[in-house]
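What follows is one structure encoded as structure tokens, with my remarks underneath.
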Amino acid sequence: MNDSNGLNSLRGPGVHPLFAEYVQSETRRQFFRRGGNVLGAAALATLGMQSGNNANVFSGENTPPHSGGLGTLPHFAPKAKRVIYLHMVGGPSQMDLFDYKPQMNDWYDKDLPESIRNGQRLTTMTSGQSRFPIAPSKYKFAQHGQSGMWITELLPETAKVADDLCFVRSMNTEAINHEPAITYMQTGNMVTGRPCIGAWLSYGLGSMNNNLPTFVVLVAQPTNTEQIQAISARLWSSGCLPGEHAGCSFRSVGDPILYINNPTGVPTDIRRKTLDGLKSLNEMNFRAVGDPEIHTRIQQYELAFRMQSSVPELTNIADEPESTMELYGQEAKKPGSFANAALLARRMVERDVRFVQIYLNNWDHHGNVAARLPSQCKDIDRATYGLITDLKSRGLLDSTLIVWGGEFGRTVYSQGGLSKENYGRDHHPRCFTMWMAGGGIKGGTIYGETDDFSYNIIKDPVHIRDFHATVLHLLGIEHERFTFKNQGLDLRLTGVEPARVINELLA
């Protein structure tokens, strides 16, 4: 910008020298962007005053419960207020856990019929095999609960709450490799950079608590670490949504959140004065520039200050009675374990954290199912039972949706060597099993059906888009009306292809 008269006008009375220096160095593109943001901020303020909500966002007052979110949401009364999403990274084997196929015992070591495969693509890990021998599950199954749900012997504790679970056996996806598959499951798109489901809910529904993040992520450590998949913060990114909606990752070693404590020699009153000074500078910059990310920064600083007292209290499980540890298993005392994460998830939703995501790795069973699958199931079994039972006893299960599942399933044929005692399974996107509980879900039900080989869906397919639409519905959101404008497009979690709410799953 070379308008000397314009620059001179910026040096007059009432113009802050920092702003004048900023404008002098900005480019033409930055100038027009700043103008657009200022106009947008003014329009937003006007709309807020018209709706009667003309409170100053920089008043310094504590953010009230149910803060943030869109004024138009929820679209209707929600069945669930919170979500605990248990993602089993790697793709659990549906045949060895929940999709019982006793007919396969007669097919041991016989080739998968071409009429079943029907030319479907394979991963490069098995596409070069000379044959595809059928590997029946080596584990026993039994029916549980009044609903008679078939569940593997590896999950005896989970089987006790069978009547609370709703199995979806007909999940399917187009993604056949981990990176696009897990991204698809979390964001509704195989291409990275989109907002994840937790960020969407934070953006749309806002916070229900004053002192903790709206969206929290816990990465649990499996006992067996034979084949770990990469997990990165992109999975809990806010994408194009404002940065404040990204997931806040809690660590299992050291401070739960980096820099949660004041530096040595800095008391709380000094930290408060420092933040007040930063807030004043940021407010000044926001009024001048109008960048919404400045508002995000202010909110994050204030939340971080409040979390200095709330997070240590949240993560200190010493106040839990021994009966709770018995419920979740003694592993709950071990930081970083799945049981510990499950207990923390209960403590979080008890304090009205909106969305808690727990990742557990090492479900990528290309080989050695005999050793690895029992270890994985032991990690989750008692804790899953404990979580559901604990929430139910506290009156929280009806308003908390629990989701369990991976990014795809596993093949009925063996990858590599096959014996009746051990085998491996490759990725299988054509069908896999997930379950949900609580939060408006009809427990003790099964939806969808696969063929005898657990290879193709023969009844009631459920795509990832349908799954997302159903989760949003349970939280009172009509997925087709829940959008965010980005680069001229109205983005939504369920994308542009048809998606439907699976009403048969709803209580």
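Things worth noting here:
- Compared with the alpha-carbon gap, the fully stretched path from residue 223 to residue 293 is longer by 21.2 nm at 0.36 nm per residue.
- Cα gyration tensor shape of the range 187-296, rounded if a/c is under 1.5, else prolate or oblate by comparing a/b with b/c: oblate
- For the range 108-247, the fraction of alpha-carbon pairs in successive 10 Å shells from zero, as %: 9, 22, 30, 28, 9, 2
- Protection-proxy order for peptides 370-380, 160-170, each taking the mean of Cβ atoms within 10 Å per residue, highest first: 160-170, 370-380
- FRET efficiency, 1/(1 + (r/R0)^6) with R0 22 Å, evaluated for residue 496 and residue 70 via beta carbons: 0.60
- Extension gain, residue 481 to residue 275, is 70.4 nm, computed as 0.36 nm per intervening residue step minus the present C-alpha separation.
- Using every pair of distinct Cα positions in the range 287-401, the Kirkwood expression returns a hydrodynamic radius of 16.5 angstrom.
- Charge tally around residue 167: other residues with Cβ under 13 Å, Lys/Arg +1 each, Asp/Glu -1 each, net -4.
- Phi angles across the range 448-457 convert, under the Karplus curve 6.51 cos²θ - 1.76 cosθ + 1.60 with θ = phi - 60°, into 3J(HN,Hα) values of x, 8, 10, 6, 4, 9, 6, 10, 10, 7 Hz, Gly and Pro given as x.
- Efficiency of FRET between residue 131 and residue 371 - r from beta-carbon atoms, R0 30 angstrom, step 0.05: 0.80
- Among the listed options [x] 173; [y] 151; [z] 136, the one matching volume of the Cα convex hull per residue in Å³ as calculated from these coordinates is [x].
- Extension gain, residue 258 to residue 323: 0.36 nm times the residue separation minus the Cα-Cα distance gives 20.3 nm.
- Calculated mean residue ellipticity at 222 nm for the chain: -10500 deg cm²/dmol, from DSSP H runs with n ≥ 4 weighted as -39500 (n - 2.57), summed, divided by the residue count and rounded to 500.
- Bins of 10 Å, starting at 0 and running to the largest distance - Cα pair percent for the range 455-507: 23, 47, 22, 7, 0
- Cα-Cα separations in the range 97-179 greater than 18 Å, expressed as whole percent: 59 percent
- By definition, a body whose alpha carbon gyration tensor gives a ≥ b ≥ c is prolate when a/c is 1.5 or more and a/b is larger than b/c, and the range 387-458 fits this prolate description.
- Note on the chain: antiparallel DSSP beta bridges, both residues inside, total approximately 45 percent of the bridges counted.
- Global form of the range 350-507, assessed from the alpha-carbon gyration tensor, a/c cut-off 1.5: oblate
Read-outs throughout are calculated quantities, based only on the coordinates presented, and are distinct from any laboratory measurement. Quantities reported herein were computed from a predicted structural model and do not represent experimental measurements. A quick note on method: Cβ atoms are made from the backbone with ideal geometry, for glycine too, and the neighbour counts reach across all protein chains shown.
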